[in-house]
Amino acid sequence: MILLKDIVPAAQNNIDTKFILLEKGRIALEGQNKICLALVADETAAIHFQLWGDECDAFNSGDIIYLTNGIFSYQRGNLILRAGKRGKLEKIGEFTMSFVETPNMSEIHWIPDPSNTKNYIQEYVISPVSGIFPPVLAGKSEWNGYAKTHLILIGLCILPY
């Protein structure tokens, strides 16, 4: 199993990982298929995740998901993790997983590795957090992944003031 911080862009379905779904964007139609972008994370990093078809309705915030044979690649100019045609998603729990929201691996600019152009390396960070799903209490020093984890664990909803 690979940690999210160790994922690099590739055109292969070979990523097996576990994460918690933090936030799900709106469901849209692409042709006749539903698509939905989500923010997911583990204890090492966050990443944008693409849900397709029935996956859009099958998973919710707080779900802990195991991905088998996933792919992290550019889709319409955005780096996203997804199951793809050969991958599989399985809900394995709810709410009880430590996570961080930074770095967001989708917010890193990657370039081909000069020593091996089949691989990618990080060139620079576009944004330390998700540009699509900004932190709820961005700018408040007491807010961090640790605090957010514990709020999710006990099921509280805290609104910014």
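The values are calculated or read from the model by the stated rules, or taken from the named source; none is laboratory data. All values derive from a computational prediction rather than experimental measurement. With ideal geometry, Cβ positions are generated from the backbone for all residues, glycine too; neighbour counts draw on all protein chains shown. Ligands, DNA and RNA are stripped out before the accessible areas are found, and what is left, the full protein with its side chains, is counted by its heavy atoms. Shrake-Rupley method; radii C 1.70, N 1.55, O 1.52, S 1.80 Å.
Within the group Glu94, Glu55, which residue is touching a Leu at 6+ places or on another chain (Cβ under 8 Å), acidic (Asp, Glu) and open to solvent by 20 Å² or more (accessible area, probe 1.4 Å)? None of the other options fit; the residue is Glu55. If you filter the stretch 1-26 down to residues that are without any contact (Cβ under 8 Å) to a residue 40 or more places away in the chain and assigned to a strand (DSSP E or B), you find that the one that is nearest to Met97 (Cα to Cα) is Lys24. For the residues Asn33, Asn69, Asn60, the requirement of being touching a Phe, Trp or Tyr at 6+ places or on another chain (Cβ under 9 Å), in contact (Cβ under 8 Å) with a residue 12 or more places away in the chain and surrounded by fewer than 16 Cβ atoms within 10 Å (Cβ to Cβ) singles out Asn33. So is Leu29 over 15 Å from Arg82 (Cα atoms), out of contact with any Leu (no Cβ under 7 Å at 6 or more places or on another chain), part of a strand (DSSP E or B) and not polar (S, T, N, Q) or not? Spelling it out, Leu29 is indeed over 15 Å from Arg82 (Cα atoms), out of contact with any Leu (no Cβ under 7 Å at 6 or more places or on another chain), part of a strand (DSSP E or B) and not polar (S, T, N, Q).
Yes/no matrix, rows are residues, columns are (1) of a type in the set (A, V, I, L, M); (2) in contact with a helix residue (DSSP H, G or I) (Cβ under 9 Å, 6 or more places away or on another chain); (3) within 15 Å of Leu22 (Cβ to Cβ):
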{"residue": "Tyr66", "(1), (2), (3)": "no, no, no"}
{"residue": "Gly70", "(1), (2), (3)": "no, no, no"}
{"residue": "Tyr74", "(1), (2), (3)": "no, no, no"}
{"residue": "Gly84", "(1), (2), (3)": "no, no, no"}
{"residue": "Ile92", "(1), (2), (3)": "yes, no, no"}
{"residue": "Glu101", "(1), (2), (3)": "no, yes, yes"}
{"residue": "Met105", "(1), (2), (3)": "yes, yes, yes"}
{"residue": "Pro114", "(1), (2), (3)": "no, no, no"}
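The sole residue among Gly84, Gly25 that is at pLDDT below 90, open to solvent by less than 70 Å² (accessible area, probe 1.4 Å) and on the phi < 0 side of the Ramachandran plot is Gly25.
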